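Below is one structure; the comments refer to it alone.
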Amino acid sequence: MSQQARTAGSKLEGSCACGAVKVSVNGETMNGICLELQGQPKSFTTRSSNNYDVNRWFCSECGSGTHLTMPDPSMMGLMGGLFPPGSIAPPTKELFCKNRESWEKSYGENVRECDEQPNWEAEAAEREKAAQAQT
Ligand SMILES: [Zn+2]
């Protein structure tokens, strides 16, 4: 099996099932990505387990989920199914593991397992502190 992870600075492109919404992502990680959309997705809002609103975007033609946006504009979720097989980087974190089915397996020791959502603000502060320590 060949898996090509995205490299730093590369552009990742994908689309919904019907192709009406096209997604282009620039950036190395989920932090600091730039998302460009072609097409007009629609959204509905749900409440997260951390008690904030999550806008869930989808293609109005085929219904494919495209992305999630949150009140914090630095946080965004992208649906992996938008992208061609072998084009996305392996996961580093798995959320809502408490809901995992008995037949579902772990992604492995390199993936942090979280029963729910992590405290995103605390994790952002930790990343910023680590980045400052490197300079
Ligand atoms: Zn579509």
| Criterion (in contact with a helix residue (DSSP H, G or I) (Cβ under 9 Å, 6 or more places away or on another chain), over 27 Å from Gly19 (Cα atoms) and away from the ligand (no atom under 16 Å from the Cβ)) met by exactly one of Asn50, Asn99 | Asn50
| task | Can you give me the number of residues within the stretch 1-47 that are of a type outside the set (S, T, N, Q), away from the ligand (no atom under 11 Å from the Cβ), modelled with pLDDT of 85 or more and over 21 Å from Met75 (Cβ atoms)? | result | 1
| task | Confirm whether Arg127 is of a type outside the set (Val, Ile, Thr), at pLDDT below 90 and not assigned by TED's automatic domain parsing to the domain that holds Ser15. | result | yes
| Can you name the residue in the stretch 60-70 that is within 16 Å of the ligand (Cβ to nearest atom) and over 9 Å from the mean Cα position of the chain (by Cα) and, of all such residues, is surrounded by the most Cβ atoms within 10 Å (Cβ to Cβ)? | Thr66
| query | Do we have Pro73 as more than 16 Å from the ligand (Cβ to nearest atom) and within 22 Å of Val111 (Cα to Cα) here? | reply | no
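The values are calculated or read from the model by the stated rules, or taken from the named source; none is laboratory data. These numbers were taken from a predicted model, which means no experiment stands behind them. Neighbour counts run over all protein chains shown; Cβ positions are idealised from the backbone, glycine included.
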